[in-house]
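Here is the structure we will look at.
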Amino acid sequence: MKNYSKLHILFAMGIVFSSTAMVQAYGSSSKKSDSQEVSRGGGKHCMKNIEHDLSMIMKDFRKDHDVSATNSKLDALEPRIKKSVAAMKKNEEHGKMWETHENTLHRKLKEARQEVARYSEKN
């Protein structure tokens, strides 16, 4: 049997403890993100997903300047906003936060439509 010094033993224990701590931290963070996704509702009607899609539509518009395609994509967002707000009203865990989200989404949609309209007036 080999003679291990105290340094070798401490080093091995450090590796074991740090790896178990990392595994536990990773496991708890994945459980946390799963529970947050469930509580938020997730899916394509989630407010964050709608905002992301809106920003991607505007990014494509700024690159391509295709007014008709952008308007049709913006029209397709309105039913998703209504479904998102309806789901938030149904759950209503945090009081009337759905009003704030509804106003935010409609404001961003209106700003996007105004940007498209300004571009179409110029050209």
Requested in this report: Give the calculated FRET efficiency between His65 and Ala86 to the nearest 0.05, with a Förster radius of 25 Å applied to their Cβ-Cβ distance.
Outcome: 0.15
Report summary line: Within segment 58-122, DSSP-loop trypsin sites (Lys or Arg not before Pro) with at most 12 other C-beta atoms within 10 Å are Lys96
Query raised in the report: Measuring from label point to label point, each 7 Å out along Cα→Cβ, what is the Asn49 to Ala76 span in nm?
Result: 1.4
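Read the figures in this text as sums done on the coordinates, not as results from a lab. Bear in mind that the values here come from a model prediction, so they are computed numbers and not experimental data. When we count neighbours, we look across all protein chains shown, and the Cβ atoms used for this are built from the backbone with ideal geometry, even at glycine.
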